[in-house]
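The values are calculated or read from the model by the stated rules, or taken from the named source; none is laboratory data. Please read all numbers here as calculations on a predicted model, not as lab measurements. For neighbour counting, all protein chains shown are included, and Cβ atoms are generated from backbone atoms with ideal geometry for every residue, glycine included. Only protein heavy atoms, including side chains, enter the accessible area calculation; ligands, DNA and RNA are left aside. Shrake-Rupley method; radii C 1.70, N 1.55, O 1.52, S 1.80 Å.
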Amino acid sequence: IYQQVRKEFEESGDQANLARVLHQIGNIHYLRKDLEAAGRHYEDSGELASELQEDTIWLATRVQLANVLYQCGREEEALDNYGEIISTIQGSTGANQTSLLAAMKVQIGQIHQKAARFLEAESEFREAEALVRKADDKRSLLKVLRARAMIARQRRAYDEGLSLYAEAESTAAALGDALEVSTCHLLMGDLERERVQLGAALEKYTSARS
C-alpha cells in the first residue's frame, strides 16, 4: 500500500507527503529488521524534509536513522547524528521536546558506556536525569536510573548502584509496573552476587519471583 501511495505522491509532486511516506516505509523495514533498507528510506525522507524545511519530519527521520546506525554497529556515526538532533532540539523554539532530548542523551550515554568511556556516559545520563525529573516523566526516569546503576556496577560502586536500583524500583512501583519492579529486583540480585553478597542476592532473586 505504501509503495502505491509513494508512486502517487511522486507523480503528483507532493514532496512533503512523499517524505512522510518514505519515513513510514523505513519504519516497516526497521520493524522487519531490514536495517539497510530502513536506512536508505530514512536518508531519502530526511533529505526531502531538509529541502522542504519540514522540521518535524526531519527530526523523526533523523532519530530513526541514528538508531539504525547504532544497531548496525556504526556507533560513532550514530553519535554524530544524536548530537545533531540534540543541537536541533536545543535551538528550536517550538514544542517542548524534553523527553526526546533526554532519550537522545541516554542513547549517547550508552554509546560512551559501550566504549568504556564511563565519565562521558555518566555525564550524559545525569543530564538526562535532570531533564526527566523536571518534566516529571517517571517512565523515562526509570530508564535513566537503571542506566546510571549499570555504570555504577561497571565502576564497582556497588552501594551507589543499589541506591539507584532502589529508586528505580520505587519509580516502577509508582507506575504500577510489576514487571519492571521484578526486573529491578533481579538486577539488584546480580549486583549483590557480583560483590559476593550471596544471601542478599538470593533474597532479591526470591522477591523478583514473587
Region 1-109: C-alpha gyration tensor shape, a/c 1.5 cut-off, then a/b vs b/c: oblate
With a 1.4 Å probe and every protein chain left in place, work out the accessible area per residue of the chain in Å², rounded to a whole number. 54 Å²
Projected label distance in nm at Ser182 and Asp55, using a 7 Å step from Cα toward the beta-carbon: 4.4 nm
Using a Förster distance of 41 Å, the FRET efficiency for Gln4-Glu120 (Cβ separation, nearest 0.05): 0.35
Zone of Tyr158's modelled label, taken as backbone nitrogen in region 174-188 under 19 Å from a point 7 Å along Cα→Cβ: 184-188
Each label point is 7 Å from the Cα along the Cα-to-Cβ direction; what then is the distance between the points at Leu31 and Leu198, in nm? 4.8 nm
For the pairs Lys114/Lys204; Lys33/Lys105; Lys138/Lys204; Lys7/Lys143; Lys33/Lys143, flag any whose C-alpha to C-alpha distance is greater than 29 Å. Lys7/Lys143
Calc'd 3J(HN,Hα), region 111-125, phi into Karplus 6.51 cos²θ - 1.76 cosθ + 1.60 (θ = phi - 60°), Hz, glycine/Pro = x, comes to 5, 4, 4, 4, 8, 6, 9, 5, 5, 5, 4, 4, 4, 5, 5
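Find, to one decimal place in angstroms, the Kirkwood hydrodynamic radius of region 142-209, where the mean of 1/r is taken over every pair of different Cα atoms and then inverted. Mind showing how you got there, number by number?
Numbers: mean 1/r = 0.0869 Å⁻¹.
One decimal place: 11.5 Å for the Kirkwood radius.
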Counting only other residues whose beta carbon sits under 13 Å from that of Gly91, what net charge do I get with K and R as +1, D and E as -1? -2
Evaluate the relative contact order of the chain (contact order divided by residue number), counting alpha-carbon pairs under 8 angstrom at least 6 apart; express in whole percent. 9 percent
Where the centre of each part is set by its Cα atoms, how far does region 140-183 sit from region 82-123, in angstrom? 20 Å
Please provide three numbers in whole Å: the alpha-carbon extents of region 82-153 along the principal axes, with the largest listed first. 38, 25, 13
Please state the charge dipole magnitude for region 1-70, taken about the Cα centre, from unit charges on C-beta atoms (+1 on K and R, -1 on D and E), reported in debye and rounded to the nearest 20. 360 debye
Can you run phi through the Karplus equation (6.51, -1.76, 1.60; θ = phi - 60°) for region 157-169 and list ³J(HN,Hα) in whole Hz, with x for Gly and Pro? 8, 5, 5, 5, x, 4, 4, 5, 5, 5, 5, 4, 4
Please find, in a Gaussian network model of the chain (springs between Cα atoms separated by less than 10 Å), the residue of Ala102, Ala60, Ala19 whose mean-square fluctuation is greatest. Ala60
Expressed in nm to one decimal, what extension gain is obtained for the pair Gln15 and Ala208 from 0.36 nm per residue of sequence separation less their Cα-Cα distance? 64.3 nm
From the phi angles alone, apply the Karplus equation (6.51, -1.76, 1.60; θ = phi - 60°) to region 46-54 and give each ³J(HN,Hα) in whole Hz, x where the residue is Gly or Pro. x, 4, 4, 4, 5, 4, 8, 6, 8
Over the chain, what percent of the accessible surface lies on carbon and sulfur atoms, probe 1.4 Å? 49 percent
Relative to the longest principal Cα axis of the chain, at what angle does helix 15-31 sit, 0 to 90 degrees, rounded to 10? 40 degrees
